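Below is one structure; the comments refer to it alone.
The values are calculated or read from the model by the stated rules, or taken from the named source; none is laboratory data. All values derive from a computational prediction rather than experimental measurement. Every residue, glycine among them, receives a Cβ derived from its backbone with ideal geometry; neighbour counts consider all protein chains shown. Surface areas here come from the heavy atoms of the whole protein model, side chains and all, with no ligands, DNA or RNA. Shrake-Rupley method; radii C 1.70, N 1.55, O 1.52, S 1.80 Å.
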Amino acid sequence: MELAYYSDYAVRLVNTEEPARGADTLTSVEAVRGLFGANQSAARRATEADVTRFRSVRARLRAVFEAADAGDETLGVDLLNSLLLEFPVSPQISGHDFRDDDGRPLWHMHLADHPSNATAGYAAIASMGLAFHLTEHGVDRLGLCEAPPCRNAYLDTSTNRSRRYCSDRCATRANVAAYRARKRLEAERPESTGRAADSAQPTTASGDR
């Protein structure tokens, strides 16, 4: 498993809130546990106290994406570095249950959960994963959806750095809105052009008739 995989932890946490819509799904210990996915041993450590702690980490991770989206690379890196210092990880070599053709484990690097509490473990993994993604692909690969009012976080893995939306749904919605805006403009243009042409016609004085 590539260490950059853990960057998905950061995206999942950030996207539990949609500030522009006033939506927040991180409201219970069950929601916290759900963020861990298959890592149920870490999820079981979560308590009600982690709801508030997770929200605090979420705000700090969103600030990293906001800085990157605004083109402020230095600020984004500084914010992420502060998380890395506060929530250190414990890298380990792991083989899990995978075996190659000769029956040997397929060794790979793994980020071990921090043992103190669920928030510290999740924050450490999310921050380190995001750091690996940032250093491997660039700060400009961290984005916020351009389809208002969404602003969900995403990681741009496109070959030409062209991603602008968090999902196909938001991309479709933005394209439909742009299409309708163009149609309205096209419908208004002949009318306004006609009015301009009428006003440009010379007027004839009554004494010249």
Packing-ranked peptide list from 80-89, 23-32, highest mean Cβ count within 10 angstrom first, is 80-89, 23-32
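Given a cut-off of under 8 Å on Cα pairs at least six residues apart, what relative contact order in percent is computed for the chain?
Numbers: 268 pairs, mean separation 48.3, N = 209.
23 percent.
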Mind checking Rg over Rh on the chain, alpha carbons, Kirkwood formula for Rh? 1.27
Put Glu136, Glu17 in order of accessible area, largest first, probe 1.4 Å, and you get Glu136, Glu17
With 10 Å bins from zero, work out the P(r) of the stretch 88-190 over every alpha carbon pair and list the percent per bin. 13, 23, 26, 21, 9, 5, 2, 0
Share of carbon and sulfur in the accessible heavy-atom surface of the chain [1.4 Å probe, %]: 51 percent
For the stretch 31-125, what does the alpha-carbon gyration tensor say about shape, rounded, prolate or oblate, given a ≥ b ≥ c as the root eigenvalues, a/c under 1.5 as rounded, and a/b over b/c as prolate? oblate
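What is the dipole size for the chain, taken about its Cα centre, with +1 at each Lys and Arg Cβ and -1 at each Asp and Glu Cβ, in debye to the nearest 20?
It comes to approximately 720 debye.
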Work out, step by step, the length gained on full extension between Thr74 and Glu188: first 0.36 nm times the residue separation, then minus their alpha carbon distance; give nm to one decimal. 36.6 nm
According to the Cβ-distance criterion of 4.7 Å, cysteines of the chain with no possible disulfide partner are Cys170
Chymotrypsin sites (Phe, Trp or Tyr not before Pro) in the stretch 68-163 lying in a DSSP loop, each with at most 16 other Cβ atoms within 10 Å of its Cβ, come to Phe98, Trp107
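Can you tell me how much longer the chain between His108 and Arg180 gets when fully stretched, taken as 0.36 nm per residue apart minus their C-alpha distance, in nm with one decimal?
Between His108 and Arg180, full extension yields an extra 20.9 nm.
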The stretch 63-122: relative contact order as a whole-number percent, Cα under 8 Å and 6+ apart: 24 percent
How far apart, in nm, are the 7 Å Cα→Cβ label points at Thr157 and Arg99? 2.9 nm
Using label points projected 7 Å from each Cα along Cα→Cβ, tell me how many nm separate Ala31 and Ala59, to one decimal. 1.5 nm
What does the accessible area per residue of the stretch 1-73 come to in Å², with a 1.4 Å probe and no ligands, DNA or RNA counted? 49 Å²
³J(HN,Hα), Karplus 6.51/-1.76/1.60, whole Hz, each residue of the stretch 76-91, x for Gly, Pro: x, 5, 4, 5, 5, 4, 5, 5, 5, 5, 6, 10, x, 10, 10, x
